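The values are calculated or read from the model by the stated rules, or taken from the named source; none is laboratory data. If you're wondering where the values come from, they're calculated on a predicted model, not measured in any experiment. Cβ atoms come from the backbone with ideal geometry, glycine included; neighbour counts cover every protein chain shown.
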Amino acid sequence: MEKLPSTPVRNRYAAARRKADWTIDQDWTSYSHEEHDRWDRLFARQAKLLPGRACDAFLEAQAKLELSRGGVPDFADLSRRLSALTGWSVVAVAGLIPDDAFFEHLANRRFPAGAFIRPTRAFFKPTARVDAVRSASDSCTISRGFIGTRWSSD
């Protein structure tokens, strides 16, 4: 089991260099074994709750995007799969971004997704912050399940 630090871990991307569009480099190779394990455990827990609560299109999209393949998704790989299905991509951000930047990304078929992973102790605490688990799994699946089947069939 992961050893928890005595003080809460803050978003390690909080001080990351932001580009003009508020995106950051995900630096996927820097995720620790513990962070990948945390993603896997949280994703598995959430996946068990979905049947009977999420529509079939959402569940099918989640399977096609291979979000359960293990470890924190590499946004570059995820974007390739998502783009092939919908024309959308995922861009890493350090946290909440200004509304105008957020909607500019959406207007250009890019989902801004938090690249950080909350500490284990935060799994059961509500937060306004959207980390990689919620960003990648929810936004991308919604894109494929909703946008993909409703509007991208042109």
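Filter the stretch 71-83 down to residues that are surrounded by fewer than 19 Cβ atoms within 10 Å (Cβ to Cβ) and out of contact with any helix residue (DSSP H, G or I) (no Cβ under 6 Å at 6 or more places or on another chain) and give me whichever is nearest to G114 (Cα to Cα).
A76
Please work out which one of (1) part of a loop (DSSP other than H, G, I, E, B); (2) without any contact (Cβ under 8 Å) to a residue 60 or more places away in the chain is the condition L67 fails and give its number.
With respect to (1) part of a loop (DSSP other than H, G, I, E, B); (2) without any contact (Cβ under 8 Å) to a residue 60 or more places away in the chain, L67 is out only on (2).
When the stretch 61-100 is examined, which residues are found to be more than 18 Å from D25 (Cα to Cα) and among the charged types (D, E, K, R)?
K64, E66, R69, R81, D99, D100
Being touching a helix residue (DSSP H, G or I) at 6+ places or on another chain (Cβ under 8 Å) and either of a type in the set (S, T, N, Q) or surrounded by 14 or more Cβ atoms within 10 Å (Cβ to Cβ) (or both) is the filter here; which residues of the stretch 32-53 pass it? So that I can check it myself, show each step before the final result.
Within the stretch 32-53, the subset touching a helix residue (DSSP H, G or I) at 6+ places or on another chain (Cβ under 8 Å) is 38-39, 42-43, 46-47, 50-51.
Within the stretch 32-53, R38, W39, L42, F43, Q46, A47, L50 qualify.
Every residue in the stretch 84-101 that is without any contact (Cβ under 8 Å) to a residue 60 or more places away in the chain, of a type in the set (A, V, I, L, M, F, W, C) and surrounded by fewer than 20 Cβ atoms within 10 Å (Cβ to Cβ), please.
A84, L96
Answer with yes or no whether R80 is more than 23 Å from A14 (Cα to Cα) and outside any helix (DSSP H, G or I).
Working: more than 23 Å from A14 (Cα to Cα): yes; outside any helix (DSSP H, G or I): no.
Considered against the rule, which asks whether it is more than 23 Å from A14 (Cα to Cα) and outside any helix (DSSP H, G or I), R80 comes out as no.
Go through the stretch 26-40 residue by residue and tally those that are in contact with an Asp or Glu (Cβ under 8 Å, 6 or more places away or on another chain) and either of a type in the set (S, T, N, Q) or not in a helix (DSSP H, G or I) (or both). Please lay out each step first, then the result.
Here is the first cut: in the stretch 26-40, the ones in contact with an Asp or Glu (Cβ under 8 Å, 6 or more places away or on another chain) are 26, 28, 34, 37-38.
Add one more test, that the residue is either of a type in the set (S, T, N, Q) or not in a helix (DSSP H, G or I) (or both), and what stays is 26.
Adding up the residues that qualify gives 1.
Could you check, for the stretch 6-16, whether at least one of its residues is at pLDDT below 95 and either among the charged types (D, E, K, R) or not in a loop (DSSP other than H, G, I, E, B) (or both)?
Within the stretch 6-16, the subset at pLDDT below 95 is 6-16.
Cutting the leftovers down to either among the charged types (D, E, K, R) or not in a loop (DSSP other than H, G, I, E, B) (or both) gives us 10, 12.
There is at least one residue in the stretch 6-16 that is at pLDDT below 95 and either among the charged types (D, E, K, R) or not in a loop (DSSP other than H, G, I, E, B) (or both).
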